[in-house]
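Let me begin by presenting the structure, written as structure tokens, before commenting on it.
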Amino acid sequence: MIPRRILPLIVLAQFCCTSLWFAGNAVLVELVETFGLPDTALGSLTSAIQFGFICGTLVFAILAIADRFSPSWVFFASAIAGATFNLAGTWPENTLLTLLSGRFMTGFFLAGIYPVGMKIAADYYQKDLGKSLGFLVGALVLGTAFPHLLRGFGEELPWKSVLFITSGLAVLGGGLILAFVPDGPHRSKGSRPDFTAFFTVFRNRPFRAAAFGYFGHMWELYAFWAFVPLLLGSYLQTRPEASYSLPVMAFLIIGAGGVGCVVSGLLSLRYGARKVATTALFLSGVCCLLAPVAFHFSPALFLSFLLVWGVLVVADSPLFSTLVAGSAAPERKGTALTIVNCLGFALTIVSIQLLVAAGEWLEPAARMPLLAIGPALGLLGLFADRKRVGE
């Protein structure tokens, strides 16, 4: 009998630790002013933490860390390290290079938090895993959005406090896992590093189809999250009658995805993970194409559109992870999840930099249809494989 406290503790810890993710983005204006950063800092700092996560997942996957060692200890150690490098942003002698290095290392150790948190959940909940991961990824979404809410307090909260608070939360989250969430009953311990894992896992046809769907989703997700403040700011410039707090709205739009994850997880119990994930991926792709039109809506309608997009853009994430975990060999479950995360986040750098480069000739809203490339190819990969992928 699994104690009822386990899932809430994993969810809370995931929220606390993933607040590190966009902490740098939430204080970007202050970082630019304080350290004299260039206008391209948004893309650079976001890509730095993504690239760090990619490198981290690559190392974790090749060494099979999440399968060879206690996931709870890996989660805790990564949380402490990530919190430490997050605090590097408060160093008064920072330059663009040191800030990029700090965000890179924060991302590196997030590789021991996000996929390892999913591995811990999968070790406890084999039945109805989609529902469990729905809550877990929902916590990731809220954690990602949380620094924007902190900035919503304005001048009353110094920008360095955002980094101190998010680092403190990460330490708390790591401690909760170590103290109260031991290794799960379904854990299958790996024996040694597997340097062929990047190739062998994709021989599994259902795994490959689920992974391609996830890759299409990731092309869109983090680029959308990174550019939400830019979209809102651009809209405010054209609509002076729109009076809202940009950081608070950014939090609500990104955080709305947490609701989407929970709802999609519950819907998967009735309709199946593959069907719900495919529907969400299609609808979020439609939102990408509608963005230039929505930019001309009234303030209330424009914000409603972004809130709906915020729900749909991540609703498929826990379900694709469920399909990946369900189609991987038990002794490689942690490694498989980490590999898919690694490749998926590599795509986020490409899509983010594409939107940054497109800024030379396109307004923010006009760049968003470029994100529809991901959902389109993801759907193509899913439908190309007619075999069911682990409902």
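The values are calculated or read from the model by the stated rules, or taken from the named source; none is laboratory data. Owing to the predicted nature of the structure, the values given are computational and were not obtained by experimental measurement. Here Cβ is always computed from backbone atoms with ideal geometry, including for glycine, and neighbour counts include all displayed protein chains.
See the values below:
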quantity	calculated
Filter result for S304 (among the hydroxyl-bearing types (S, T, Y) and in contact (Cβ under 8 Å) with a residue 24 or more places away in the chain)	no
When residues of segment 336-378 are limited to those that are of a type in the set (V, I, T) and crowded, with 22+ Cβ neighbours inside 10 Å, the one farthest from D183 (Cα to Cα)	I352
Some residue of segment 232-251 being in a loop (DSSP other than H, G, I, E, B), in contact with a Gly (Cβ under 8 Å, 6 or more places away or on another chain) and surrounded by fewer than 21 Cβ atoms within 10 Å (Cβ to Cβ)	yes
Answer from A145, A170, A122 - the residue that is buried (at least 20 other Cβ atoms within 10 Å of the Cβ), at pLDDT 90 or above and not β-branched (V, I, T)	A170
Residue in segment 39-54 that is among the charged types (D, E, K, R) and within 27 Å of W219 (Cβ to Cβ) present	yes
The lone exception for K333 - which of (1) modelled with pLDDT under 90; (2) buried (at least 22 other Cβ atoms within 10 Å of the Cβ); (3) within 20 Å of G285 (Cα to Cα) it fails	(3)
Filter result for the condition that a residue is over 30 Å from A328 (Cα atoms) and either small (G, A, S) or in contact (Cβ under 8 Å) with a residue 24 or more places away in the chain (or both), over S132, S101	S101
Every pair of residues 6+ apart whose Cβ atoms lie under 7 Å, when the first sits in segment 262-285 and is farther than 23 Å from L380 by Cβ while the second is surrounded by fewer than 20 Cβ atoms within 10 Å (Cβ to Cβ)	L269/D128
Residue in segment 201-223 that is modelled with pLDDT under 80 and part of a loop (DSSP other than H, G, I, E, B) present	yes
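Rundown of residues vs (1) more than 20 Å from the chain's Cα centre (by Cα); (2) closer than 15 Å to H217 by Cβ; (3) among the small types (G, A, S); (4) modelled with pLDDT of 95 or more, yes/no style:
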position: I349; (1), (2), (3), (4): no, no, no, no
position: P375; (1), (2), (3), (4): no, yes, no, yes
position: G381; (1), (2), (3), (4): yes, yes, yes, no
position: A384; (1), (2), (3), (4): yes, no, yes, no
position: G390; (1), (2), (3), (4): yes, no, yes, no
